[in-house]
Structures are given as C-alpha cells and as structure tokens.
1. Anything over 31 Å Cα to Cα? Flag those among K7/K185; K29/K198; K29/K204; K137/K185; K29/K133, in the order listed.
2. With each run of n ≥ 4 DSSP H residues scored as -39500 (n - 2.57), what mean residue ellipticity at 222 nm is computed for the chain after dividing by its residue count and rounding to the nearest 500 deg cm²/dmol?
3. Specify the inter-centroid distance of region 1-66 and region 194-208, based on alpha-carbon positions, in whole Å.
4. Output needed: percent of Cα pairs per 10 Å distance bin for region 1-110, bins running from 0 to the one holding the longest distance.
5. Please give the length that would be gained between A73 and D91 if that part of the chain were fully extended, namely 0.36 nm times their separation in residues minus their C-alpha to C-alpha distance (nm, one decimal).
6. Calculate I(q)/I(0) for region 140-187 by the Debye formula, one identical point scatterer on each C-alpha and no solvent, and give its log10 at q = 0.14, 0.15, 0.19, 0.25 Å⁻¹ to two decimals.
7. Only Cα pairs under 8 Å and at least 6 apart count here; give the relative contact order of the chain as a rounded whole percent.
8. Would you mind checking which residues have amide H under 5 Å from V31's amide H? H placed 1.01 Å from N; only 5 or more apart, or other chain.
Amino acid sequence: MSEGKTKLLPVIAGLFVGVLILSNVLAAKMVRLGPFVFDGGTLLFPLSYIFGDVLTEVYGYRASRKVIWTGLAMLVIMSLNVWLIGALPADPSWELQGAYDSILSQVPRIALASILGYFVGEWSNSVVLSRMKVLTKGRWLWTRTIGSTLVGEAADTVIFVLVAFAGAYPAPVLVAMLLSNYLFKCSIEAAFTPLTYKVVGLVKRSEGADAYDEGVGYNPLPLKD
C-alpha cells in the first residue's frame with residue numbers, strides 16, 4: 001500500500017493504542033451496575049476492537065498486525081514504568097505511596113493479563129474479519145464486525161479475567177465478571193455498528209483504499225507472513 005493511501009493510518013493507530021493503554025489503567029477499579037460486575041476498562045476497551053476492525057477492513061491484516069504489536073509494546077513499557085516508579089523511594093513530603101501501591105500496583109498484573117488476552121483476542125478478531133471479507137466479497141460489513149468481535153472478545157475476556165483477577169475474587173464474582181465483560185463488550189460493538197460503518201466509509205473514501213487479504217498468511221508475528 002502506497003504512502004498516499006495511509007495518511008490516516010497513524011491517527012487511527014494512535015487512537016487505538018491510546019484507548020488500549022487507558023483501558024488498562026481504568027481496569028484497576030471494579031464497577032457494579034445493577035447485576036453486572038466488571039472492571040473500569042470494560043466500557044472503553046471495546047473501542048480498541050472497533051479501531052482494529054477499521055484497520056483490518058481498510059488497510060488489511062498486515063497493517064493491523066503491526067499496530068497490534070505496537071500496542072503490545074506500549075503495554076509492556078507502561079507496566080514496567082508503573083512498577084519502576086512504585087519501587088523507587090518516595091520523597092518524605094509525598095504521603096501517597098500507600099495509595100499508589102494499593103491502586104497502581106495492580107496495573108502490571110492487569111497489563112500482563114491484557115497483553116495475553118489482547119494478543120489472542122485481537123489477532124482472532126483480525127483473522128476472522130479478514131477471512132469473512134474475502135468470503136463475502138466485501139459485502140455485509142456488519143456480519144464481519146460483529147462476528148469477529150464475538151470470537152475475539154470471547155478469547156480476550158476469558159484470558160484477561162482469569163489472569164488478572166483469579167485468586168483476588170471468589171469464583172462466583174469471577175463468573176459474573178466474565179459474563180458481564182463479554183456481554184458489555186459485544187453489546188457496545190453492536191451498538192456502535194452504525195458508527196463503524198460511517199468511519200470505515202469515510203476512511204476508505206479518504207484513503208482510496210479497500211484491502212482484500214487474498215492469499216495472505218495469518219502468522220501473528222510482526223515480521224513474518
């Protein structure tokens with residue numbers, strides 16, 4: 001894909017990675033709305049899947065894979081920095097070390113869970129959307145965005161909740177969290193389908209691009225096909 005057809009790619013990639021990082025910080029707080037229990041990043045995290053859908057739909061699997069690995073790298077950098085700053089001695093006049101530890105000390109574990117879940121989930125999401133686009137010859141975008149989300153979010157949610165919170169909460173809470181996370185994430189993706197249509201159409205017209213991954217290998221590694 002030529003440079004002239006990727007002028008919006010850095011913008012979408014930046015939004016994608018930003019949402020990913022922010023949702024991991026917000027995941028340090030547990031939220032209850034009625035019968036639903038979920039971490040604070042649940043409401044924001046599905047946007048990363050929407051951006052992922054736009055990337056794969058417009059630019060193809062290879063481009064989306066590079067952004068996925070960029071997001072993974074930033075999660076690692078964030079986690080290491082949160083741990084390092086927490087480990088460094090605090091100035092005697094700063095009396096919030098306990099608050100920092102009680103909240104942000106969860107972030108490295110959450111980030112590890114997110115890295116594992118996100119890698120499997122986002123890769124699955126991209127592969128399913130890419131293959132469905134070829135099979136449907138580019139028709140019925142809604143089937144690809146929703147279908148890929150159902151697969152990707154299932155893998156992501158199970159891995160994330162178990163790695164991030166197993167042992168910290170009793171089994172009934174974990175089950176409620178799994179169901180709540182999955183239902184919320186998929187519901188948000190479905191509700192945002194009209195917006196996804198508009199964004200995909202806008203980006204396709206602006207870039208003059210509409211990738212079809214004919215004959216593309218789905219190796220998840222960033223430098224191999």
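Readers should treat all values here as calculations from the given coordinates under stated rules, not as data from a laboratory. Everything numeric here is computed off the predicted structure, so don't read it as measured data.
1. On the way: K7/K185 29 Å; K29/K198 33 Å; K29/K204 37 Å; K137/K185 27 Å; K29/K133 37 Å.
Those over the limit are K29/K198; K29/K204; K29/K133.
2. Numbers: 8 runs with 157 residues, N = 225.
My calculation for the chain gives -24000 deg cm²/dmol from helical runs alone.
3. If we compute the Cα centre of each part, the gap is 16 Å.
4. 13, 35, 28, 17, 6, 1
5. Details: separation 18, 0.36 × 18 = 6.48 nm, distance 3.01 nm.
So the chain would gain 3.5 nm between A73 and D91.
6. Values, matching the q order: -0.37, -0.42, -0.59, -0.85.
7. Numbers: 290 pairs, mean separation 64.7, N = 225.
Dividing the mean separation by the residue count of the chain yields 29 percent.
8. For V31, whose amide H was placed from the backbone, the distant partners under 5 Å are F38, D39, G40.
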